[in-house]
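The values are calculated or read from the model by the stated rules, or taken from the named source; none is laboratory data. On a predicted model such as this, the values are computed, not experimentally measured, just so you know. No Cβ is skipped: glycine too gets one built from the backbone with ideal geometry, and neighbour counts run over all protein chains shown.
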Amino acid sequence: MLKKISVALLLIATFAACAHREEAETPKPVGYFRIELPPHTYRTLDTTLPFAFDYSSHANCSFENKEENTVWLFLKYTDFNADVDITYMPLKNDLHERILAEDKLISNHYQVADDVEYSIINDGENRIFGQIYDIKGKSVACPLTFWMTDSTQHYFRGALYFNHAPNNDSLQPVIDYIREDIMTLIETFRWK
């Protein structure tokens with residue numbers, strides 16, 4: 001009888017050792033869906049407007065004439081639910097006021113921005129001067145804005161917006177993609 005109990009305990013111990021043990025569940029790290037980005041291709045906006053530039057073939061371009069020769073341009077990235085909103089206006093001896101207004105707009109982001117990096121645009125040969133602002137932060141509504149001028153007649157500004165609540169951690173590949181398109185716009189920009 002003792003022998004049967006020993007054999008039974010040995011079999012139970014063997015089965016228990018071989019039985020599948022579940023490991024404790026651990027949370028998965030935060031991740032985001034992979035966003036497929038198309039290759040960069042460009043086309044030229046060359047109309048009756050007082051400027052021309054190359055813009056992404058993946059954006060739809062439209063514009064509206066407003067009062068006093070002001071023009072609103074819209075580069076819509078429908079695949080990314082993003083827009084680059086652009087305003088052109090002639091200068092009326094008010095460049096200083098325009099630059100102060102830009103600084104005020106940028107300062108509105110300081111509360112939620114982790115950092116604001118700016119770059120100078122200085123193309124004396126083509127009379128294009130200005131600044132680019134990269135606004136870093138998870139919940140920044142406008143991660144990139146820029147302005148350009150010839151310093152006497154023309155003023156041109158643009159800003160990148162997403163048409164949903166910002167989460168720039170997950171959108172960073174798209175922000176980088178559109179930033180490259182904006183840099184191409186700036187590099188190919190010419191006054192007429």
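List of remarks:
- Candidates Phe146, Phe162, Phe189 - the one that is under 21 Å from Thr44 (Cβ atoms) and under 13 Å from the mean Cα position of the chain (by Cα): Phe146
- Checklist (1) in contact with a helix residue (DSSP H, G or I) (Cβ under 7 Å, 6 or more places away or on another chain); (2) modelled with pLDDT of 95 or more; (3) not hydroxyl-bearing (Ser, Thr, Tyr) applied to Leu45, failing item: (1)
- A single member of Ser139, Ser119 is assigned to a strand (DSSP E or B) and of a type in the set (Gly, Ala, Ser), and it is Ser119.
- Test: residue in region 116-125 that is touching a helix residue (DSSP H, G or I) at 6+ places or on another chain (Cβ under 8 Å), surrounded by 13 or more Cβ atoms within 10 Å (Cβ to Cβ) and among the small types (Gly, Ala, Ser): no
One line per residue, one yes/no per condition, for (1) part of a loop (DSSP other than H, G, I, E, B); (2) in contact (Cβ under 8 Å) with a residue 40 or more places away in the chain; (3) of a type in the set (A, V, I, L, M):
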{"site": "Thr48", "(1), (2), (3)": "yes, no, no"}
{"site": "Asp54", "(1), (2), (3)": "no, yes, no"}
{"site": "Phe74", "(1), (2), (3)": "no, no, no"}
{"site": "Asp85", "(1), (2), (3)": "no, yes, no"}
